[in-house]
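Notes follow once the structure below has been shown.
The values are calculated or read from the model by the stated rules, or taken from the named source; none is laboratory data. The structure presented is a predicted model; accordingly, all values stated were derived computationally and were not measured. Reconstructed Cβ throughout: ideal geometry from the backbone, glycine too, with neighbour counts over all protein chains shown. Note: accessible area is taken over every heavy atom of the protein model, side chains too, but ligands, DNA and RNA are not part of it. Shrake-Rupley method; radii C 1.70, N 1.55, O 1.52, S 1.80 Å.
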Amino acid sequence: MKWYTEPPDVVRTDLRWSTDGSLKFGKVWELRRTGCAIVVVSTAGDLIAFGSAVPPPWVRTAAAAELWSILLVLSACVAPPEIITDCLSILKAASVGMACATAPNKPLAAIWALIAAAVDGNVTSIVNDGRLKWMPSHGPVASIGAVVK
């Protein structure tokens, strides 16, 4: 993780961590590369920190990169903070629990296993407690101002 600001204070409880994952050259398997970013804002709206990371080479999709950024947040913080993701499938996978998220046929199972270790196996609780939230994005221009959480 490379912070472009001072790293955030990971014990603060008034921070919102927004994550994003991306994929470059997705159609060309040999050139495909992922990246992720984290932006930390206080509940008062102040920008606290932002940075980016390059996941390991086996993280090969945008969703995997997004999940990797969530892993970075959970691994850095003393307790799971409020995390905002734009990947609804991640929120849904966390809601159904680790048995489903880490099933052998799930492409993100390896990252979910690492996340489970970071939260002592209780991934569903971060959704139930409202600490993992979804923010809609990637919609058409007509959705601006019309789509709500």
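Listed values for region 98-104 are Karplus-derived 3J(HN,Hα) couplings in whole Hz (6.51 cos²θ - 1.76 cosθ + 1.60, θ = phi - 60°), namely 5, 4, 6, 5, 9, 4, x, and x replaces Gly and Pro. Under a model in which nothing but the beta-carbon of Lys, Arg (+1) and Asp, Glu (-1) is charged, the chain shows a dipole of about 540 debye around its Cα centre. With the charge dipole of the chain set up from +1 on Lys and Arg Cβ and -1 on Asp and Glu Cβ about the Cα centre, the Cα lying farthest toward the positive end among the listed residues L31, A49, S18 is that of L31. Pop out the carbon and sulfur fraction of the accessible area of the chain as a percent, whole number, probe 1.4 Å. Here it works out to 61 percent.
Loop-located chymotrypsin sites (Phe, Trp or Tyr not before Pro) in region 40-137 (DSSP state other than H, G, I, E, B) with a sparse environment of at most 11 neighbouring Cβ atoms within 10 Å: W58.
Based on every Cα atom in region 6-56, Rg and the maximum pairwise Cα distance Dmax equal 14.3, 44 Å.
Rounded to the nearest 500, the helix-only mean residue ellipticity at 222 nm of the chain stands at -8500 deg cm²/dmol, with each DSSP H run of n ≥ 4 adding -39,500 (n - 2.57). Taken as entire DSSP H runs, the helices of the chain that both span 18 Å or more between Cα atoms along their own long axis and average 0.0 or more on the Kyte-Doolittle scale are 62-76. Checking (i) 15; (ii) 46; (iii) 25 against percent of Cα pairs over 29 Å apart calculated from these atoms, the matching label is (i).
Summed over the residues of the chain and divided among them, the accessible surface reaches 55 Å² per residue at a probe radius of 1.4 Å.
Peptides 76-84, 59-67 ranked from most to least packed, by the mean per-residue count of other Cβ atoms within 10 Å: 59-67, 76-84.
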